[in-house]
Amino acid sequence: MQFELVEKELELGFWLGITRKDYGATITGGQPSGVGDRDGNPKRRDRQGDRTLVRGTRESGELWKEAGQTEEKVKAIRRTEGEEAAILGASFEGMDLGDYPLELDRAAMERLTAAIREFAPTVILTHAKEDPFNPDHGVAYAATEKARQLASGAGVASAFKTIRPPALLLFEPHQPELCGFYPNTFLDITPVFEKKRAAMEVMGAQGYLREYYSQRASQRANHARRICGDKEIKFAEAFQRITPTVLKGF
């Protein structure tokens, strides 16, 4: 399992995505995702110059089925996959924190907090708190939530440098019903879906998720259309927003 950086949306957890400017693409749940706006509300956007930061851990189930497989080979393959996903306009950096079990000591938490504080994201995406099949996902969620709190200082003055509190959202897990995932935010990814599909194609270690998330994009688009009445939405992603939305008015 590795934590990695892509630039402009930080996704903490298995994938940790942050948004710092107005918009930015990210990778969620091992799959490329859409974008978020300055107030933490996901929006569709594919603009040159946007930077996305993804720091996350990734599973490699398919790779371990190969005879003679080693941890170093798996790391190299997953790193290559991350670099090839640069079609999203992302860069890659590994933290190499391991998987099964994922354990973050104080030093690791400080690294994670420092990354958030330095990047000053507007949106953070992470795993759902519960997952009956992947215990590391819950660990990633807890680490993300804590690092966000430490980096922002709960929005009040502190003795250390703090940032504006980023919005915290959960991306849709592979088994949403079993993970307590409640979708309350939908993102129209129709304009960038082919780019997402192309990025998913390089994720050979979790190839089974390509079809799953492609189907899910169509299903969530149906939900989004019924919610807002926009018949032009063909593909969408679902998120669970954790932090409340603050408005200037209706």
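The values are calculated or read from the model by the stated rules, or taken from the named source; none is laboratory data. Note that the coordinates shown come from a computational prediction; the quantities given were computed from them, not determined experimentally. Backbone-built Cβ (ideal geometry, glycine too); neighbour counts: all protein chains shown.
For (1) modelled with pLDDT of 95 or more; (2) more than 25 Å from M109 (Cβ to Cβ), each residue gets a yes or a no:
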| residue | (1), (2) |
| --- | --- |
| V139 | no, no |
| L150 | no, no |
| D188 | yes, yes |
| V192 | no, yes |
| A199 | no, yes |
| Q215 | no, yes |
| A224 | yes, yes |
| A238 | yes, yes |
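The set of residues in region 94-124 that are farther than 24 Å from E71 by Cβ, part of a loop (DSSP other than H, G, I, E, B) and either without any contact (Cβ under 8 Å) to a residue 60 or more places away in the chain or of a type in the set (S, T, N, Q) (or both) contains only T122.
Listed here are the residues, each with its yes/no results for (1) in contact with a strand residue (DSSP E or B) (Cβ under 8 Å, 6 or more places away or on another chain); (2) assigned to a helix (DSSP H, G or I); (3) buried (at least 20 other Cβ atoms within 10 Å of the Cβ).
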residue	(1), (2), (3)
F181	yes, no, yes
P191	no, yes, no
R197	no, yes, no
Q215	no, yes, no
R220	yes, yes, yes
R226	no, yes, no
K231	no, no, no
V246	no, no, no
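The residue that is modelled with the lowest pLDDT, among those in region 201-213 that are touching a His at 6+ places or on another chain (Cβ under 9 Å) and of a type in the set (F, W, Y), is Y212.
Inspect region 148-164 for any residue being crowded, with 21+ Cβ neighbours inside 10 Å and touching a Phe, Trp or Tyr at 6+ places or on another chain (Cβ under 6 Å) and give the result as yes or no. No: zero hits. The residues of region 205-234 that are closer than 15 Å to P183 by Cα and either in contact with a Pro (Cβ under 8 Å, 6 or more places away or on another chain) or of a type in the set (A, V, I, L, M, F, W, C) (or both), listed by number, are A217, R220, A221, H223, A224, I227, C228.
Residues that are closer than 19 Å to Q175 by Cα and aliphatic (A, V, I, L, M) were ranked within region 93-141; the one that is surrounded by the most Cβ atoms within 10 Å (Cβ to Cβ) is L125. L169: outside any helix (DSSP H, G or I) and either crowded, with 19+ Cβ neighbours inside 10 Å or modelled with pLDDT of 90 or more (or both), yes or no? When the stated conditions are applied, L169 passes them.
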